[in-house]
Amino acid sequence: MSESPRPANRLAMESSPYLRQHAHNPVDWYPWGAEAFEKARREDKPLFLSIGYSACHWCHVMERESFENEEIAAVLNEHWVAVKVDREERPDVDDVYMSAVQTMVGRGGWPLSAFLFPDGRPFFGGTYFPAEDRHGRSGFRTILLKLAEAWRERRDELAKGADEVVAEVERANGITERTGREPLSAATGSVLTATLKRTFDARHGGFGGAPKFPPHLALEWLLLKGAEGDSIARSMALKTLDEMALGGIHDHLAGGFHRYSTDERWLLPHFEKMLTDNAQLLSLYARAFVLTGRDLYWRTARGIGDWLLGEMRGEEGGFFAATDADSEGEEGRYFVWAEAEVREVAGEDAALFASAYRVRAEGNFHDESTGRATGLNVLHLVAELAPEEEVRLAAVRARLLERRRRRVPPATDDKRIAGWNALAVSGLAVASSILGEPRYLDAARDCARFLLSRMRDPEGRLLRTWKDGEAKILAFLEDEAYFALALLDLADVEPDEGEARRWATEARRAVTSLRRRFSRPGVAGFTFTGEGHEPLLVRTRDLFDKAIPSAPGAAARALARLARRDGDAALAAEAREAVEEVSGLMERAPHGTESWHLAWEELRTGGLLRETPPGPAAAVGTPEASRDEPEGAEEEAASGPVRVSANLSTDRVAPGEMLEGRIVVELSEGWSLTGPKPLSVDAWGGPDLRCTAVQLPPRGTVRHEDGTTEPGYERRVEVSLVFDVRPGAAGGEHPVAVSLRYRACGGGTCLPERALALTVPVLVLSR
């Protein structure tokens, strides 16, 4: 970067904070539009399309390495027409070229780099490219020169490949041909549940390995099934929510969550904070609190809500899109801590805080690209704080937050995005009713009114973005669908009957608009773009859930919700047609189509449709226990004032599945478990039945007869266990052993520490 500011390029005239970040690059950038494509045709040049967003760390890296590089900029300006797109403003452009790049190289991400013919056909693509060649990989400068040469000398070859890519993207968006139809029934969702159980990370929560993103819709599904009686689904959801809340992906000082974790343990985050993630997680943690009554979920939900209202709400109305990962040119600089600074701020509680939040002199934060230890720390917990620890350390967290606010903060992308704000309305509305927070309901109302009054065009159509007093770009399907769902959520929790009717009326208008603008003649369901949008290379469908729900999946769910509310059988039938069109996809790729499954559940339980008679789909999945007390193997033992029972969710299980257990400790009147470690639990089942999770409830406060208090348990204690059955487990009976150690006190005396062992048989089925 030069010492003096460079002259501004065309991006200086744009409203997008992301585009403005590039306004002084030496690259001769064009925004997306006819001018760039006309220049490419006139000068017979290919286009370089770069897509990103303001909070994207690797977008910043590529800018520093390549777009600020004078030599690379000169190559771009000589041989290419360079176009920059904010994916948050133009998700339609991003969707088309993300699909194309994934077709070409098998993966995608941001920054997205695509190389195009002047008519928009892509002939090469990728994501982040380093500036120079390294480790046998061509750098960005080399790629630009080689592709420019191919453009001059092998254009026909490039055109043939581009045509194949376009054809594949078109096929991928031709629903009926690629998905087929499967019978829809009560068993349809069992495919999704079984898939989530099979791919669940029982040790750390979530699904799959690193990197890990919050699985919003999977968690919503599992919480729903858990509330219906599926104890394993419940355990999976809560385990994931626990690990995220305790991990470094959670901002323990200001509240809210970072974008994702670079490791499997939820420890080392990418530090951007997105409105979309936090809006969805707010309602999830609130729902988990309803299901369990645990303080961890209440505090986490409150933290998200307070962060949204305190740091992400604009004075004019609505919520900002995101905050950046980088500050002062370094990823995470604002959020990480040296041990010495933590000890200075924490004072007399320094040792307790450092132990609880895993603060080390050598640091725990490693640079993602190099793996180098930084000597800095990401705050995270290994276990939930005891009540007395929470009280002491809350004051330390407040002081650390005050200290952190003196640093240079990450940039905030303060544009308002209609669909993302709608997600915030839903999250706040749900949380307000569960947490009893009128502030959240007021904020949800205000945001909905902002969308209705400030983000519409003269014809009354919803617009996509608002920035600096100007709303622009016709709303896409996700905006309309999320807004319809948000208005229905508001109507459900609104105590004022007149206001509730108003929100419901606006929801009907939103549903009417999306049905009119985004439907295709003769085809069920909806497309991502619709009436009034720029025609692109391909008209995409956006069938799969990503960080946000699939737009047509959300639209089907909105139709189902409204049909249920109004008793509208015709609308329900339309929603069913939309779901049926992708039923084959739901069967083959259940994890990734959660929004469609949720839409079907809405229809199935709404009382308006008859289910398809059970067919082959009804046999998919594993039978589930439907009661609080699982039907399975049980064992009981007693020792003095302590009675212990152990049970498993089922007495038979297949290889590769999960098995949930529960230990219940019941204490006689006046007795409690106390001490430094009032209760410890171990469980094992041999090499084929590995115990992957033991979850004890948080300790309460026990008051003794002499007036003293200490942490411990009273009356009844429930411990959750999860066992992972090895895929190659041998068939036959396997004993599951559980051992407990505890110290019981009562009547002014404490018994010696005791050990108790139980064995519960379980039958592993032969494959």
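The values are calculated or read from the model by the stated rules, or taken from the named source; none is laboratory data. On a predicted model such as this, the values are computed, not experimentally measured, just so you know. Positions of Cβ are backbone-derived with ideal geometry, glycine not excepted, and every protein chain shown enters the neighbour counts.
Given the structure, is V694 over 21 Å from T240 (Cβ atoms) and not in a loop (DSSP other than H, G, I, E, B)? Spelling it out, it is not the case that V694 is over 21 Å from T240 (Cβ atoms) and not in a loop (DSSP other than H, G, I, E, B). Checked against the criterion of being modelled with pLDDT under 95, touching a helix residue (DSSP H, G or I) at 6+ places or on another chain (Cβ under 9 Å), under 30 Å from G293 (Cβ atoms) and not assigned by TED's automatic domain parsing to the domain that holds P46, region 176-187 has at least one qualifying residue. Exactly one residue among G329, G317, G375, G371 is over 20 Å from E402 (Cα atoms), surrounded by fewer than 21 Cβ atoms within 10 Å (Cβ to Cβ), among the small types (G, A, S) and at pLDDT 90 or above, and that residue is G317. Criterion first (in a helix (DSSP H, G or I), small (G, A, S), farther than 20 Å from H258 by Cα and without any contact (Cβ under 8 Å) to a residue 40 or more places away in the chain) does S432 satisfy it? Taking the combined requirement at face value, the residue does not satisfy it. Within region 464-477, one or more residues are modelled with pLDDT of 95 or more, of a type in the set (F, W, Y) and touching a strand residue (DSSP E or B) at 6+ places or on another chain (Cβ under 6 Å).
V396 falls short on exactly one of the conditions (1) closer than 21 Å to M244 by Cβ; (2) touching a residue at least 24 places away in the same chain (Cβ under 8 Å), and that condition is (1). Output the residues belonging to region 310-331 that are out of contact with any helix residue (DSSP H, G or I) (no Cβ under 8 Å at 6 or more places or on another chain) and not in a loop (DSSP other than H, G, I, E, B). Within region 310-331, G310, E311, S327, E330 meet the criteria.
To keep it simple, each residue is scored yes or no on (1) touching a residue at least 60 places away in the same chain (Cβ under 8 Å); (2) touching a Phe, Trp or Tyr at 6+ places or on another chain (Cβ under 8 Å).
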position: M658; (1), (2): yes, yes
position: G675; (1), (2): yes, no
position: V702; (1), (2): no, yes
position: D706; (1), (2): no, no
position: V738; (1), (2): yes, no
position: T749; (1), (2): no, no
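If you check R141, R171, R152 for being in contact with a helix residue (DSSP H, G or I) (Cβ under 7 Å, 6 or more places away or on another chain), assigned to a helix (DSSP H, G or I) and modelled with pLDDT of 90 or more, only one passes: R141. S550 fulfils the conditions (1) in contact with a Leu (Cβ under 6 Å, 6 or more places away or on another chain); (2) surrounded by fewer than 23 Cβ atoms within 10 Å (Cβ to Cβ) except for a single criterion, (2). L192 falls short on exactly one of the conditions (1) outside any helix (DSSP H, G or I); (2) crowded, with 17+ Cβ neighbours inside 10 Å; (3) on the phi < 0 side of the Ramachandran plot, and that condition is (1). Look at region 573-595: where a residue is touching a residue at least 60 places away in the same chain (Cβ under 8 Å) and under 22 Å from P214 (Cα atoms) and a partner is acidic (D, E) and part of a helix (DSSP H, G or I), sitting 6+ places away or on another chain with Cβ atoms under 8 Å, you get E594/E220.
Restricting attention to region 383-397, does a residue exist that is surrounded by 15 or more Cβ atoms within 10 Å (Cβ to Cβ), basic (K, R) and within 29 Å of the chain's Cα centre (by Cα)? The answer is yes; a qualifying residue exists.
Residue under question is P118, and the condition is that it be part of a loop (DSSP other than H, G, I, E, B) and under 30 Å from E587 (Cα atoms); does it hold? Considered against the rule, which asks whether it is part of a loop (DSSP other than H, G, I, E, B) and under 30 Å from E587 (Cα atoms), P118 comes out as no. So for region 415-423 (the condition being among the hydrophobic types (A, V, I, L, M, F, W, C), modelled with pLDDT of 95 or more, outside any loop (DSSP other than H, G, I, E, B) and surrounded by fewer than 22 Cβ atoms within 10 Å (Cβ to Cβ)), does at least one residue qualify? Checked against the condition, which is being among the hydrophobic types (A, V, I, L, M, F, W, C), modelled with pLDDT of 95 or more, outside any loop (DSSP other than H, G, I, E, B) and surrounded by fewer than 22 Cβ atoms within 10 Å (Cβ to Cβ), region 415-423 yields no hits at all.
Looking across region 86-121, not a single residue is touching a Cys at 6+ places or on another chain (Cβ under 8 Å) and surrounded by fewer than 19 Cβ atoms within 10 Å (Cβ to Cβ). If you go through region 467-481 and keep only what is assigned to a strand (DSSP E or B) and within 18 Å of T512 (Cα to Cα), you end up with just L474.
Of all residues assigned to region 456-466, at least one qualifies as being touching a residue at least 60 places away in the same chain (Cβ under 8 Å), under 17 Å from R515 (Cβ atoms) and surrounded by fewer than 24 Cβ atoms within 10 Å (Cβ to Cβ). Considering (1) free of Cβ contacts under 8 Å to residues at least 60 places away in the same chain; (2) within 30 Å of the chain's Cα centre (by Cα), the lone condition that A350 does not fulfil carries the number (2). Residues in region 66-79: is at least one under 32 Å from the mean Cα position of the chain (by Cα), modelled with pLDDT of 95 or more, surrounded by fewer than 23 Cβ atoms within 10 Å (Cβ to Cβ) and in a loop (DSSP other than H, G, I, E, B)? Looking through region 66-79, none of the residues is under 32 Å from the mean Cα position of the chain (by Cα), modelled with pLDDT of 95 or more, surrounded by fewer than 23 Cβ atoms within 10 Å (Cβ to Cβ) and in a loop (DSSP other than H, G, I, E, B).
Whether a residue is in a loop (DSSP other than H, G, I, E, B), touching a helix residue (DSSP H, G or I) at 6+ places or on another chain (Cβ under 9 Å) and modelled with pLDDT of 95 or more was assessed, and A254 passes this test.
Restricting attention to region 487-496, does a residue exist that is touching a Leu at 6+ places or on another chain (Cβ under 9 Å) and outside any helix (DSSP H, G or I)? Taking every residue of region 487-496 in turn, at least one turns out to be touching a Leu at 6+ places or on another chain (Cβ under 9 Å) and outside any helix (DSSP H, G or I). I'd like the residue in region 332-357 that is at pLDDT 95 or above and assigned to a loop (DSSP other than H, G, I, E, B) and, out of all such residues, is farthest from A547 (Cα to Cα). My answer is A338. Here is the figure for region 15-47: residues that are small (G, A, S), crowded, with 19+ Cβ neighbours inside 10 Å and closer than 24 Å to D324 by Cα total 1. For region 260-308, the candidate set comprises residues that are among the aliphatic types (A, V, I, L, M) and outside any helix (DSSP H, G or I); within that set, the residue that is nearest to Y334 (Cα to Cα) is L268. It is to be established whether one or more residues within region 217-229 are in a helix (DSSP H, G or I) and touching a strand residue (DSSP E or B) at 6+ places or on another chain (Cβ under 8 Å). Checked against the condition, which is being in a helix (DSSP H, G or I) and touching a strand residue (DSSP E or B) at 6+ places or on another chain (Cβ under 8 Å), region 217-229 yields at least one hit. Within region 558-572, can one find any residue that is in a loop (DSSP other than H, G, I, E, B) and either in contact (Cβ under 8 Å) with a residue 12 or more places away in the chain or within 30 Å of L281 (Cβ to Cβ) (or both)? Yes, because at least one residue in region 558-572 is in a loop (DSSP other than H, G, I, E, B) and either in contact (Cβ under 8 Å) with a residue 12 or more places away in the chain or within 30 Å of L281 (Cβ to Cβ) (or both).
Within region 705-758, the set of residues being of a type outside the set (A, V, I, L, M), exposed (fewer than 14 other Cβ atoms within 10 Å of the Cβ) and closer than 15 Å to D682 by Cβ comprises P735, E753, R754. On the stretch given as region 514-528, residues that are touching a strand residue (DSSP E or B) at 6+ places or on another chain (Cβ under 9 Å) and within 25 Å of L217 (Cα to Cα) total 7.
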